[in-house]
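A.B. asks: Just passing along the structure, written as structure tokens.
The values are calculated or read from the model by the stated rules, or taken from the named source; none is laboratory data. Given the structure is predicted, the values throughout are model-derived calculations rather than measurements. Cβ placement follows ideal geometry from the backbone for every residue including glycine, while neighbour counts extend to all protein chains displayed. Heavy atoms of the whole protein, side chains included, go into the accessibility calculation; ligands, DNA and RNA do not. Shrake-Rupley method; radii C 1.70, N 1.55, O 1.52, S 1.80 Å.
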2 protein chains.
Amino acid sequence: MTTEGKVNEDLLKERRKCTFDVEELTHFIDGGEQATKDRREVEEMVIYVKELKDEIPEEYLSHTGKYENAMKKSCVLIDLLKEHALKHSSFDAYRPTNMYRVQSLVPQQMPLLLHMGMFVPTIIGQGSPEQQAEWLPKALSMQIMGTYAQTELGHGTFLRGLETTATYDPATEEFVLHTPTLTAHKWWPGGLGQTANHCIVVAQLYTKGECYGVHPFIVQIRDSETHMPLPGIKVGEIGPKLGFQTANNGFLAFDHFRIPRENMLMKNAQVQKDGTYIKGKSEKLTYGTMMLIRVMIVTDMAYEVSRAATIAVRYSAVRHQSQPKPDQPEPQILDYVTQQHKLFIAIATSHAFRLAGNWLWNTYSQVTRDLDKGKLDHLPELHALSCCLKAVSSFDAGLIVERCRMACGGHGYMMSSNFPVIYGVVAAGITVEGEYTVLLLQTARYLIKAWEQAKEGKVMTPTVSYMVNFNNNRLKWSNTPEGIISGFQSVAAGKTKAAYEALQKYKRAGNDYEDSWNLASVQLTNASEAHCRAIICEVFWKEIQRMSPTQSPGLAKVLQQLAELYLVYWTLEKSGDLLEYSSISSSDLTALRQRYEELLALIRPNAVGLVDGFDIRDQVLNSTLGSYDGRVYERLMEEAMKSPLNQEPVNQSFHKYLKPFMQKSKL
Amino acid sequence: MTTEGKVNEDLLKERRKCTFDVEELTHFIDGGEQATKDRREVEEMVIYVKELKDEIPEEYLSHTGKYENAMKKSCVLIDLLKEHALKHSSFDAYRPTNMYRVQSLVPQQMPLLLHMGMFVPTIIGQGSPEQQAEWLPKALSMQIMGTYAQTELGHGTFLRGLETTATYDPATEEFVLHTPTLTAHKWWPGGLGQTANHCIVVAQLYTKGECYGVHPFIVQIRDSETHMPLPGIKVGEIGPKLGFQTANNGFLAFDHFRIPRENMLMKNAQVQKDGTYIKGKSEKLTYGTMMLIRVMIVTDMAYEVSRAATIAVRYSAVRHQSQPKPDQPEPQILDYVTQQHKLFIAIATSHAFRLAGNWLWNTYSQVTRDLDKGKLDHLPELHALSCCLKAVSSFDAGLIVERCRMACGGHGYMMSSNFPVIYGVVAAGITVEGEYTVLLLQTARYLIKAWEQAKEGKVMTPTVSYMVNFNNNRLKWSNTPEGIISGFQSVAAGKTKAAYEALQKYKRAGNDYEDSWNLASVQLTNASEAHCRAIICEVFWKEIQRMSPTQSPGLAKVLQQLAELYLVYWTLEKSGDLLEYSSISSSDLTALRQRYEELLALIRPNAVGLVDGFDIRDQVLNSTLGSYDGRVYERLMEEAMKSPLNQEPVNQSFHKYLKPFMQKSKL
């Protein structure tokens, strides 16, 4: 907890009203008391380090200045983490999830993030034992600094379309990397611009005149001593973006650049000295990393939503506005029901996504254990789940972060609110590691197959077994959480059926399968989204019930309210789908609207306690509007006073431009 | 049209396919051939001026550098406009709408915008003839530079809550301006930070010990010669924001700062020499400027949506991705129906908002003519319309701009796409000049009154007369444009009725009116939004029908398709409301889903022609992805090469931070 300065009276009042133990909620969110302790320990280590504090806010710096500031802080931060890891054998600083969490302790995106996030994991996942022995020590101790280059200027989603070539030359036992076109330039990798000196490059492998598709290669791109790009390498940064300003995303091109044969990562496929290509094990195994990252994104979105909710709820407790009753003072804006409608769903969503992410993580762990035993059965289901959950959680998070920002009026528009930076992170989440629509269509393929099975009465995997029930008309509406969940399952099944029938119709009209798929694709993405909503609602509700007996009654009750709010909110949002595909009635909806208004009122007294429970320190929240002490207006003014323009009474542009201009006007 | 460089083959192909006259569409959008000619003339005058070109993109500059660059360009631009106005007596450079359009010709927000946008209009609207004679010549010739300071750090929506005081001192015949608290600091006015030397200040007027509420005063804040803040004035800028980076939004505080009595703007209320307060005419008359600005925002939103649509559609014609069929090349992403679903509604929405804005403008002009004759009858209806249209158009525009951005994948996330800047403008539109929810609740007050009238069978004003029909159950669904429009009217009436009943229920439960209003406010805002959708749909459809006979068949047809698309899109989006409040059936919806897919296919060949018709020059679009010639990848690379980080092979941070860090790792 932060104690600097006096705490705002309204927040004190709110905290006194709270009916549950905030610390217990924090443990629940972290995953246990010890997890909270560990997290706080790392935070304590980082947040008081002077070198990690910005002298002036990043937004005032030039583009180059921002990058240099981020580089300085990255090196300091990673040093700290290494030290910490030496002292605490249980803390694995190099685990990507830990990297992300620690990254969020400083406002700048680290140019070095992909070194640990992608470079090291790819060596582990794709390198042979000999290659791991050679590269891992250097990479883990950071004698070399790497990134991961796959996407090209003209190619993102479609991996097979990559143009960069790696052609084997048996004469010298080397691969020749080449960028044949403008669109073949590698484009986007974080840290590639001016930072990394090594890189995993994904390229089309050619040997003995044949193309064998894309494979990963490890490539040195800059001189270890001088950092100069090596001859044959063109490298630089791609320029400013909506967010991730200091991630140093880069481009890369090769001009017949040679690397030793041993630099092809050969855990799976191999090229022998004479150029003979040896096929690797199942490609399915390489799905692993991609899925892992998607699973992580779901949890990250939960975290970003909790940041936005914390800012908006605390601000709404501090801000007073309007005077509905002439004899009374201006109320806290948190007392407006429209404001509660905007914000409480944000709190609920953060819990829903975190629990769905954890559940997906457990499913992932189970499936990878099965994989090690050679069982691939659950892979398609997991793939379908990770696609739609990543897509829907990031999309919803984008809407919710903006909803929280707009709920803070003009002040939410200030950079110092930190909403714009949070939105930049979330907005990237919608596109990276599988674009929203592309992922929904991946899930749709699975759903259509499932529907065909359901029609034939086959045994279904658990997450789609509701289709059998729908087909047998066994789902009946009731205004209960269980009723709502099965209602959402009806919608998912009904939309899958409708999309399936649209597909058949287009096929009957003479289109081939892929054209029919395209023509029905809006309906197919809708089915996927509906499937995902049913999953999130079910997991959220069931997990809250499952944990309930282990919790104090106060906490259990408010979590129950949040879960119910989530279900009712989405019922009202998706009333059209439910009226079309379930047996919900107009009077059910009227009753649920009333219940929704009741739930807002029930949650209202605990709103500040609920965001306090997220336990996001001021230094991490980094928001003038959301700090624990509620000194909103003081902080807004303090931040404004940091502006370089406010350090001088008159800016030079007055003498250079404005004064001559105004004087000319007098003539 | 831009002709520089070779035009992309895909775009050439698209343009050959177009079935209507693009130039005719442009005239339709501009409001006639002459209007197009006039607009292009101003553009020609501006876009080739060397001083208005950025040497390097703004994003690379520091905060101070951005401001100075914008100041330089502002002065050049306004000089040009004055010259142009002298030459073309028909062109009124000082008309706020013209200012906005011309402003959009340079990427930077002008710190001088509020001088013409608010300072001058307030002198005209609130100044007495003598005051106008004194101040207008100086303001119009720009010997003084002003802005408009109303909002305070702690007070936005609620005007009566402003804390700044203006206390009359009859001894010296002066007002004493004072900022009693932190929250009383003026906060947000554009150009206030370092730019303006004068300011309209809205403050609580005290005279003879009484408070008479807020009134406007004209105040000099900086020395004319030195530009130093005057003694008793604290002024500066508020810091960086999500958008409007160079608008130089500022704060302002007074320490018992004295101004002559004559500086109170006295067209309406007056304070006499002895301190006697004389009440002004109806307050309703001062609504005018506020309504005018809201009307203008609707049109601005149409324009910003057309920019986003142009970028996304052209990029989608150039971009190829994936390979659904192994024997065929990667298709243009515009051929994916999901992409058409994302983008064609953007094109349609731009037309819908522009036509609704024009219609509102005409209504506004009619009402102000009536006002001049002393007729106030239609003022409440116009107020209700301007509130909900401003709210809904800006909110939808925000979603659509982001939808267009996300439809461009990773490249849409680049600043050089220009989406982030467009979003910054639109996002501000949701909050400024009346916050979204506050405005919807304003409209709701009108709707609830209208519903009470409808229940009593009274004669209704035209825009709510549908309530009578609904009440008489005269609205029957049909899958035709007219059927859809009356369906939306049913929804609006049904939601108003439901909100009214919720209000009654809360009142019966013992709540007073304002508490009941608050408790029902989520439903009330929903009713307002529904009312607004019905209005937009009706105006769009009817205006398209009305214009149709004056157009070539090719253009008339494609506009018809867009209007129908808009109606069907919103029917499918709001299926829940329609199922609840109209007689639409599930099979109607199935048929409309098919019709929607047909309309996407019909519009597809004209997609590029439709955005070409918006006639937004490359220099104004300012987007690597959206230029007329479609050289997307070339421009992305050219922009990246402008990064200062790419001007040197090794950044100094390598030697300062990274190399020592990596070497330490070796030990």
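A.B. asks: From B:Ser528, B:Ser490, grab the single residue that is buried (at least 24 other Cβ atoms within 10 Å of the Cβ), on the phi < 0 side of the Ramachandran plot, more than 12 Å from chain A (Cβ to nearest Cβ) and among the hydroxyl-bearing types (Ser, Thr, Tyr). If you could, list the steps in order and put the result at the bottom.
C.D. replies: Working: B:Ser528 fails: more than 12 Å from chain A (Cβ to nearest Cβ).
Residue meeting the stated conditions: B:Ser490.
A.B. asks: What single numbered condition from (1) open to solvent by less than 10 Å² (accessible area, probe 1.4 Å); (2) within 25 Å of B:Leu113 (Cβ to Cβ) fails to hold for B:Val271?
C.D. replies: Only one criterion is unmet by B:Val271, namely (2).
A.B. asks: Does region A:152-164 contain at least one residue that is among the small types (Gly, Ala, Ser) and open to solvent by 20 Å² or more (accessible area, probe 1.4 Å)?
C.D. replies: Yes, some residue in region A:152-164 is among the small types (Gly, Ala, Ser) and open to solvent by 20 Å² or more (accessible area, probe 1.4 Å).
A.B. asks: Hey, can you tell me all the residues within region B:428-453 that are among the hydroxyl-bearing types (Ser, Thr, Tyr) and open to solvent by 20 Å² or more (accessible area, probe 1.4 Å)?
C.D. replies: Within region B:428-453, B:Thr431, B:Tyr436, B:Tyr446 meet the criteria.
A.B. asks: Can you list the helices (runs of 4 or more DSSP H) found entirely within region B:1-86 that contain at least 3 residues being outside the structural domain of B:Gln245 (by TED's automatic domain parsing), open to solvent by 60 Å² or more (accessible area, probe 1.4 Å) and charged (D, E, K, R)?
C.D. replies: B:9-17, B:33-47
A.B. asks: If you take the residues in region A:454-470 that are of a type in the set (A, V, I, L, M) and open to solvent by less than 60 Å² (accessible area, probe 1.4 Å), which one is farthest from A:His383 (Cα to Cα)?
C.D. replies: A:Val468
A.B. asks: Still on this structure, please answer the following. Specify the residue that is farthest from A:Lys241 (Cα to Cα); the eligible residues are those in region A:99-117 that are part of a helix (DSSP H, G or I) and open to solvent by 30 Å² or more (accessible area, probe 1.4 Å).
C.D. replies: Filtering first and then ranking leaves A:Arg101.
A.B. asks: Oh, and also: Considering every residue within region A:358-380, establish whether at least one is closer than 30 Å to B:Gly243 by Cα, within 20 Å of the chain's Cα centre (by Cα) and touching a residue at least 24 places away in the same chain (Cβ under 8 Å).
C.D. replies: Checked region A:358-380: no residue is closer than 30 Å to B:Gly243 by Cα, within 20 Å of the chain's Cα centre (by Cα) and touching a residue at least 24 places away in the same chain (Cβ under 8 Å).
A.B. asks: Report the residue count in region B:574-593 for those that are more than 8 Å from every other protein chain (Cβ to nearest Cβ) and surrounded by fewer than 23 Cβ atoms within 10 Å (Cβ to Cβ). Working first, answer last.
C.D. replies: Within region B:574-593, the first condition is being more than 8 Å from every other protein chain (Cβ to nearest Cβ), and the residues that meet it are B:581-585, B:587-588, B:591-592.
Applying the additional criterion that residues be surrounded by fewer than 23 Cβ atoms within 10 Å (Cβ to Cβ) yields B:583, B:585, B:587-588, B:591-592.
Result for region B:574-593: 6.
A.B. asks: Taking A:Leu610 as meeting all but one of (1) within 14 Å of chain B (Cβ to nearest Cβ); (2) within 24 Å of A:Thr19 (Cα to Cα), write down the number of the exception.
C.D. replies: (1) is the only condition that A:Leu610 fails.
A.B. asks: Sticking with this one: Kindly check whether there is at least one residue in region A:405-427 that is out of contact with any Lys or Arg (no Cβ under 9 Å at 6 or more places or on another chain), under 24 Å from A:Phe540 (Cα atoms), open to solvent by less than 10 Å² (accessible area, probe 1.4 Å) and in a helix (DSSP H, G or I).
C.D. replies: Looking through region A:405-427, at least one residue is out of contact with any Lys or Arg (no Cβ under 9 Å at 6 or more places or on another chain), under 24 Å from A:Phe540 (Cα atoms), open to solvent by less than 10 Å² (accessible area, probe 1.4 Å) and in a helix (DSSP H, G or I).
A.B. asks: Taking region A:516-525 as the search range and keeping residues that are at the interface with chain B (Cβ under 9 Å from one of its Cβ atoms) and in a helix (DSSP H, G or I), which one is most open to solvent (accessible area, probe 1.4 Å)?
C.D. replies: Only one residue fits best here, namely A:Leu519.
A.B. asks: Restricting to region B:177-190, name every residue that is of a type in the set (A, V, I, L, M, F, W, C), outside any loop (DSSP other than H, G, I, E, B) and within 12 Å of chain A (Cβ to nearest Cβ).
C.D. replies: B:Leu182, B:Ala184, B:Trp187
A.B. asks: Do you know which residues across region A:316-356 are without any contact (Cβ under 8 Å) to a residue 12 or more places away in the chain and among the polar types (S, T, N, Q)?
C.D. replies: The answer is A:Ser322, A:Gln323, A:Gln328, A:Thr338.
A.B. asks: Looking only at region B:235-254, decide whether some residue is farther than 30 Å from B:Asn418 by Cα and of a type outside the set (A, V, I, L, M, F, W, C).
C.D. replies: Just the residues of region B:235-254 that are farther than 30 Å from B:Asn418 by Cα, to begin with: B:235, B:252-254.
This time we only want the ones that are of a type outside the set (A, V, I, L, M, F, W, C), so: none.
Taking every residue of region B:235-254 in turn, none turns out to be farther than 30 Å from B:Asn418 by Cα and of a type outside the set (A, V, I, L, M, F, W, C).
A.B. asks: So how many residues does region A:45-69 have that are in contact (Cβ under 8 Å) with a residue 12 or more places away in the chain, among the aromatic types (Phe, Trp, Tyr) and more than 13 Å from every other protein chain (Cβ to nearest Cβ)?
C.D. replies: Of the residues in region A:45-69, 0 are in contact (Cβ under 8 Å) with a residue 12 or more places away in the chain, among the aromatic types (Phe, Trp, Tyr) and more than 13 Å from every other protein chain (Cβ to nearest Cβ).
So that you can scan it fast, the table gives a plain yes or no per residue for (1) assigned to a strand (DSSP E or B); (2) open to solvent by less than 10 Å² (accessible area, probe 1.4 Å); (3) in contact with an Asp or Glu (Cβ under 6 Å, 6 or more places away or on another chain):
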position	(1), (2), (3)
B:Ala139	no, yes, no
B:Tyr148	yes, no, no
B:Ala196	no, yes, no
B:Cys199	yes, yes, no
B:Ala203	yes, yes, no
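A.B. asks: Of everything in region A:471-484, what is in contact with a helix residue (DSSP H, G or I) (Cβ under 7 Å, 6 or more places away or on another chain), surrounded by fewer than 19 Cβ atoms within 10 Å (Cβ to Cβ) and at pLDDT 85 or above? Give them in sequence order.
C.D. replies: A:Trp477, A:Asn479 - these are the residues of region A:471-484 that are in contact with a helix residue (DSSP H, G or I) (Cβ under 7 Å, 6 or more places away or on another chain), surrounded by fewer than 19 Cβ atoms within 10 Å (Cβ to Cβ) and at pLDDT 85 or above.
A.B. asks: Here is a further query. Look at region A:641-661 and say how many of its residues are out of contact with any helix residue (DSSP H, G or I) (no Cβ under 7 Å at 6 or more places or on another chain), of a type outside the set (S, T, N, Q) and part of a helix (DSSP H, G or I).
C.D. replies: Matching residues across region A:641-661 total 6.
A.B. asks: Scan region A:632-646 and give yes if some residue there is open to solvent by 70 Å² or more (accessible area, probe 1.4 Å), within 12 Å of chain B (Cβ to nearest Cβ) and of a type in the set (A, V, I, L, M), otherwise no.
C.D. replies: yes
A.B. asks: Output the qualifying pairs, or none if there are none: Cβ atoms under 7 angstrom, residues six or more apart or on different chains, first residue in region B:560-583 and without any contact (Cβ under 8 Å) to a residue 24 or more places away in the chain, second residue open to solvent by less than 10 Å² (accessible area, probe 1.4 Å) and not aromatic (Phe, Trp, Tyr).
C.D. replies: Here the result reads B:Gln560/B:Ile544; B:Ser575/A:Gly576; B:Ser575/B:Leu589; B:Gly576/A:Ser575; B:Gly576/A:Gly576; B:Leu579/A:Gly576, each pair linking region B:560-583 to a residue that is open to solvent by less than 10 Å² (accessible area, probe 1.4 Å) and not aromatic (Phe, Trp, Tyr).
A.B. asks: Also: Can you tell me which residues in region A:150-176 are assigned to a loop (DSSP other than H, G, I, E, B) and either within 14 Å of chain B (Cβ to nearest Cβ) or among the acidic types (Asp, Glu) (or both)?
C.D. replies: A:Gln150, A:Thr151, A:Leu153, A:Gly154, A:Gly156, A:Thr157, A:Phe158, A:Leu162, A:Glu163, A:Glu173 - these are the residues of region A:150-176 that are assigned to a loop (DSSP other than H, G, I, E, B) and either within 14 Å of chain B (Cβ to nearest Cβ) or among the acidic types (Asp, Glu) (or both).
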